[in-house]
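Asker: Below is a structure I'd like to ask you about.
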Amino acid sequence: MIRTEPRVLLDATAIPAERGGVGRYVDNLAAALDELGAALSVVCQSHDGPVFAELAPRARIVVVAEQLTGRAARLAWEQTTLPRLAKRLPVDVVHSPHYTMPLASAVPTVVTLHDATFFSDKALHLGVKARFFRGWTRTSLRRAEVCVVPSKATADELVRAANADRSKLVVAMHGVDSERFSVPTREQKDAVAQLLDLGDQPWVAFLGTLEPRKNVPALIRAFTKVVAGRENPPALVLAGADGWDLGVGPALAAVPKGVRVIRAGHLPAEHLSGLLGGAQLVAYPSLGEGFGLPVLEAMACGSAVLTTRRLSLPEVGGDAVAYSGTGAGDIAAELARLLDDDAERARLGAAARIRAAQFTWEASAKAHHEAYDRAAARGVAVGR
């Protein structure tokens, strides 16, 4: 049990009801901080009050009265009400876990910057969104006492591309929720097969938002090339939010008869272990990640994973995953190799479980607490 100072207010108001990667990060961080005995308050929207009360039973849960249904409303709340709330509670540090921060806060602030691809790969993001996050990243790097990043690669990119002060960056790698992501039972695998109407057909899985940097059109083309004409070919299951990759539709339209690609959408959390651990292979051919949480979650499920060496992904996968280039031809070559080699997939799955066990939310919470300590000390130094 660590000491309870400083007193931290975690702003969870931006987290959607359907949890993606950032939502899972905030949920698991809150639970781990509470387990470590941190002096934690969590401010959240009404639909998340019971969620955080269960995740962090020793924390103070503050439910906002407002319905913050859009980005503009939440940002206005962050700039006006959040600073007053931090002063009233009172707390020593505010943690803003998704790029933005209250600019007029009298309390030292820690901001999580999840990736730097808004700088390194501008073309992969919508123009307005990219400008928004680049602007807020620069502001937070300048105004926050400390910024938390999930990988060394992200820290390096922010120093290179955004002139970040490295002394203000704390690397806190994500953990994996071992209760939710573990080797699935036969019943869990069968439940996914039934949900997706797969019958006895094997599958290759992808999990993530269908946005351009996930490189899903190249994966579809590679998969089509590999399995067309095979006896008992697997299906490709694309699970995750629809996103805004305009190349996915045409790639799906070009899939020939006899090749099955399932656009599964957002799956309930209880089916994710079955999806990932029941797959012959998990493919995640990303063009760049700040961390790559789906890769780690698949590893924890004992999956053989194929990904790329872009940015942070080797920090997560190490020698326990397979790598390819990002083009359809490179992905196809590795897909074919792994689908044809049962022993190699089994070896990778076993190695992945061992490596995934090294990534814990307890370790991540301790690194965050270091960031809070540093922020509080910096705030004292400048008279906050």
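The values are calculated or read from the model by the stated rules, or taken from the named source; none is laboratory data. These numbers come from a predicted model, not from an experiment. So basically every Cβ, Gly included, is an ideal-geometry build from the backbone, and we count neighbours across all protein chains shown.
Asker: Of the numbered conditions (1) in a loop (DSSP other than H, G, I, E, B); (2) under 16 Å from TRP203 (Cα atoms); (3) not aromatic (Phe, Trp, Tyr), THR326 fails exactly one; give the number of that condition.
Answerer: Every listed condition holds for THR326 apart from (2).
Asker: Okay, next question. What residue, among those in the stretch 89-118 that are hydroxyl-bearing (Ser, Thr, Tyr) and over 19 Å from the mean Cα position of the chain (by Cα), is nearest to SER151 (Cα to Cα)?
Answerer: The residue in question is THR109.
Asker: Something else: Among the residues of the stretch 315-329, write down those that are more than 20 Å from ALA279 (Cβ to Cβ), without any contact (Cβ under 8 Å) to a residue 40 or more places away in the chain and not small (Gly, Ala, Ser).
Answerer: Matches in the stretch 315-329: ASP319 only.
Asker: Another question, then. Do you know which residues across the stretch 27-78 are in contact (Cβ under 8 Å) with a residue 60 or more places away in the chain, among the charged types (D, E, K, R) and more than 15 Å from ALA365 (Cβ to Cβ)?
Answerer: Across the stretch 27-78, the qualifying residues are ARG74, GLU78.
Asker: Can you tell which of ALA346, ALA336 is closer than 28 Å to PRO234 by Cβ, in contact (Cβ under 8 Å) with a residue 60 or more places away in the chain and not assigned by TED's automatic domain parsing to the domain that holds PRO150?
Answerer: ALA336
Asker: I'd like to verify a number: residues in the stretch 185-232 that are modelled with pLDDT of 95 or more, within 17 Å of ASP340 (Cβ to Cβ) and of a type outside the set (Phe, Trp, Tyr), how many?
Answerer: 7
Asker: Further question: Yes or no: ARG84 without any contact (Cβ under 8 Å) to a residue 12 or more places away in the chain, closer than 28 Å to GLU370 by Cβ and of a type in the set (Lys, Arg)?
Answerer: Spelling it out, ARG84 is indeed without any contact (Cβ under 8 Å) to a residue 12 or more places away in the chain, closer than 28 Å to GLU370 by Cβ and of a type in the set (Lys, Arg).
Asker: Does the stretch 1-57 hold any residues that are assigned to a loop (DSSP other than H, G, I, E, B) and among the small types (Gly, Ala, Ser), and which are they?
Answerer: Passing the criteria: ALA12, ALA14, ALA17, GLY20, GLY37, ALA38, ALA39, ALA56.
Asker: Next question. Given (1) surrounded by fewer than 22 Cβ atoms within 10 Å (Cβ to Cβ); (2) under 22 Å from the mean Cα position of the chain (by Cα), identify the lone condition not met by THR80.
Answerer: THR80 satisfies every listed condition except (2).
Asker: Is there a residue being touching a Phe, Trp or Tyr at 6+ places or on another chain (Cβ under 8 Å), touching a residue at least 40 places away in the same chain (Cβ under 8 Å) and not in a helix (DSSP H, G or I) anywhere in the stretch 270-278?
Answerer: Looking through the stretch 270-278, at least one residue is touching a Phe, Trp or Tyr at 6+ places or on another chain (Cβ under 8 Å), touching a residue at least 40 places away in the same chain (Cβ under 8 Å) and not in a helix (DSSP H, G or I).
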